[in-house]
Amino acid sequence: MPGGRITKRVVDSLLTRAADYVHWDSELKGFGVRVRPSGAKSFIAFYRPGGRNTPMRKVTIGAVGKLTVEQARDAAAKVLARAELGQDEAAERSEARKAKTINELCDLYLEEGCDKKKHSTLAADRGRIARHIKPLLGRKLIKAVTQVDIEQFLRDVAKGRTAVDEKTVKHGRAIVTGGKGTATRTVRLLGGIFTFAARRRFRSDNPVHGVEKYPDAQGERFLSTQELERLGAAFREAETAGIPWDVDEDQPNAKHIAKTRKPVVIGPHAAGALRLLTFTGCRLREILRLKWAEVDFERGMLFLPDSKTGRKAIVLNAPALEILSGLPRVGAYVIAGDSAGLKDEKPRSDLKRPWAAVTKRAGLAGLRIHDLRHSFASVGAGGGMGLPIVGKLLGHASSETTARYAHLDNDPLRRASNAIGSTIAAAMGESGGRIENVIAFRKS
């Protein structure tokens with residue numbers, strides 16, 4: 001029902017109620033002021049775009065205070081006049097919202113669609129969006145992206161079309177190489193972004209569904225016994241005498257540089273962190289952010305309040321307990337950083353330099369710190385301990401994550417194969433037969 005002509009005085013006098021209500025203008029039918037319980041007021045226009053048999057549509061003209069009453073009245077009059085001609089302002093605005101670009105969608109996703117993601121995961125997402133998604137797809141409209149576009153995007157990233165090597169103010173250099181692994185992981189992120197878009201009704205489908213990705217071989221490197229021996233030797237050398245500088249002989253003054261540069265010596269906390277990563281299979285952040293209060297020596301456990309998979313208990317083996325027992329206690333964190341013991345103490349941020357030094361010395365170029373976790377798992381799976389046990393030691397939330405080590409969990413099969421082969425060899429009089437593995441043949 002009309003409530004009189006809307007004026008500034010009328011708008012100012014409208015009081016809040018327990019629920020939304022609208023004060024309608026007595027002169028311009030369909031023009032009103034909506035008042036919310038919070039006190040927020042806005043000018044609106046209601047109309048039927050196709051006559052009496054069509055549902056009512058609402059358009060928000062603008063907020064009170066940002067528009068004057070007369071500006072809002074003029075705008076509402078235009079909306080209502082267009083409605084008389086069959087034009088639907090609300091539908092057009094809805095379509096305009098759906099016509100967002102991928103750039104805008106990515107920004108909205110990072111702002112509102114990642115609240116449950118860990119900080120490290122979110123950082124990786126931001127990098128893939130900035131370095132791959134926006135440069136290749138950013139200007140496209142959300143609803144215009146097709147499966148063919150995603151397939152082309154996958155190929156482009158794999159071929160290095162988004163590769164860069166540029167100087168940056170903050171980090172010195174930004175090096176992005178692309179590749180098949182990066183392409184696969186970025187397309188998976190795109191799938192999540194388009195799922196978010198579907199929830200917001202920017203489009204009804206997900207163009208990533210059905211796109212065949214490259215096999216993601218990330219994390220498939222496992223250290224052999226010989227490689228573990230070399231890594232251990234590099235650890236010990238780095239802690240004691242130090243790792244000598246590897247100077248290029250062709251470099252000017254190479255001999256002088258080799259004499260003046262001191263060997264790289266790694267401190268006890270950095271060395272302890274690398275050893276704990278090796279012996280526990282923990283993630284890097286789990287060790288760098290580990291506090292002494294979370295170490296239970298009596299039970300031989302770590303009780304982490306937060307990890308990638310939430311709260312987590314880690315069973316410590318004897319080598320790990322020995323490492324922890326030998327570390328100097330400086331501040332709240334087990335792996336003491338530069339701010340150890342200070343009021344605003346922070347955990348150590350990374351192990352890049354010590355890791356680069358020991359892996360180079362061990363001849364393990366390209367080995368990542370995370371490969372220590374995979375090596376820990378591979379030793380367990382290859383030792384016939386069973387994937388469920390390995391998964392619990394690693395803190396996997398899903399058995400599917402541990403399944404990547406299934407090809408290593410072959411100890412029972414190897415024993416069975418050895419027994420069968422030895423029995424056959426013994427029956428044939430071959431030297432490969434081993435008495436302890438022989439299964440007696442049935443006599444016919």
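Examine the stretch 59-67 for a residue that is within 42 Å of the chain's Cα centre (by Cα), among the hydrophobic types (A, V, I, L, M, F, W, C) and part of a helix (DSSP H, G or I), and state whether such a residue exists.
Among the residues of the stretch 59-67, not one is within 42 Å of the chain's Cα centre (by Cα), among the hydrophobic types (A, V, I, L, M, F, W, C) and part of a helix (DSSP H, G or I), which makes the answer no.
If I filter the stretch 105-120 down to residues being open to solvent by 60 Å² or more (accessible area, probe 1.4 Å) and in a helix (DSSP H, G or I), which single residue comes out as farthest from residue 288 (Cα to Cα)?
Among them, the one singled out is 107.
Filter the stretch 235-254 for residues that are modelled with pLDDT of 55 or more, open to solvent by 70 Å² or more (accessible area, probe 1.4 Å) and either charged (D, E, K, R) or not in a loop (DSSP other than H, G, I, E, B) (or both) and give the result.
236, 239, 246
If you scan the stretch 35-44, which residues turn out to be part of a loop (DSSP other than H, G, I, E, B) and either open to solvent by less than 40 Å² (accessible area, probe 1.4 Å) or modelled with pLDDT under 90 (or both)?
Within the stretch 35-44, 39 is the sole residue that qualifies.
For the stretch 68-98, which residues satisfy the criterion of being outside any helix (DSSP H, G or I) and open to solvent by 80 Å² or more (accessible area, probe 1.4 Å)?
85
Being among the hydroxyl-bearing types (Ser, Thr, Tyr) and within 49 Å of the chain's Cα centre (by Cα) is the filter; apply it to the stretch 2-44 and report the residue that is farthest from residue 69 (Cα to Cα).
38
Can you pull out every residue in the stretch 181-192 that is open to solvent by 50 Å² or more (accessible area, probe 1.4 Å) and modelled with pLDDT under 90?
Of everything in the stretch 181-192, nothing turns out to be open to solvent by 50 Å² or more (accessible area, probe 1.4 Å) and modelled with pLDDT under 90.
Could you please give the count of residues in the stretch 291-323 that are touching a Leu at 6+ places or on another chain (Cβ under 8 Å) and among the basic types (Lys, Arg)?
2
Could you list, in sequence order, the residues of the stretch 261-302 that are more than 13 Å from residue 324 (Cα to Cα) and exposed (fewer than 15 other Cβ atoms within 10 Å of the Cβ)?
261, 262, 263, 267, 299
Working only within the stretch 193-219, note down all residues that are surrounded by 13 or more Cβ atoms within 10 Å (Cβ to Cβ) and either charged (D, E, K, R) or assigned to a loop (DSSP other than H, G, I, E, B) (or both).
Listed by number, the residues that qualify are 200, 202, 203, 206, 207, 208, 211, 213, 214, 216, 218, 219.
Please return the ranges of helices (runs of 4 or more DSSP H) entirely within the stretch 300-417 where 2 or more residues are touching a helix residue (DSSP H, G or I) at 6+ places or on another chain (Cβ under 8 Å), of a type in the set (A, V, I, L, M) and modelled with pLDDT of 85 or more.
By residue number, 318-326, 352-361.
If you scan the stretch 279-294, which residues turn out to be under 16 Å from residue 268 (Cβ atoms) and either at pLDDT 90 or above or touching a Phe, Trp or Tyr at 6+ places or on another chain (Cβ under 6 Å) (or both)?
287, 288, 290, 292
Is there a residue in the stretch 45-57 that is in contact with a Gly (Cβ under 6 Å, 6 or more places away or on another chain), open to solvent by less than 30 Å² (accessible area, probe 1.4 Å) and closer than 28 Å to residue 201 by Cα?
Scanning the stretch 45-57 turns up at least one residue that is in contact with a Gly (Cβ under 6 Å, 6 or more places away or on another chain), open to solvent by less than 30 Å² (accessible area, probe 1.4 Å) and closer than 28 Å to residue 201 by Cα.
Given the criterion out of contact with any strand residue (DSSP E or B) (no Cβ under 8 Å at 6 or more places or on another chain), over 16 Å from residue 277 (Cα atoms) and open to solvent by 40 Å² or more (accessible area, probe 1.4 Å), identify the matching residue among 368, 329.
Checking each option against the conditions leaves just 329.
The values are calculated or read from the model by the stated rules, or taken from the named source; none is laboratory data. The shown structure was predicted, so the numbers you read here are calculated from the model rather than taken from an experiment. Ideal geometry is used to build each Cβ from the backbone, glycine not excepted, and the neighbour counts take in all protein chains shown. Please note that ligands, DNA and RNA were not included when accessible areas were found on the heavy atoms of the full protein model with its side chains. Shrake-Rupley method; radii C 1.70, N 1.55, O 1.52, S 1.80 Å.
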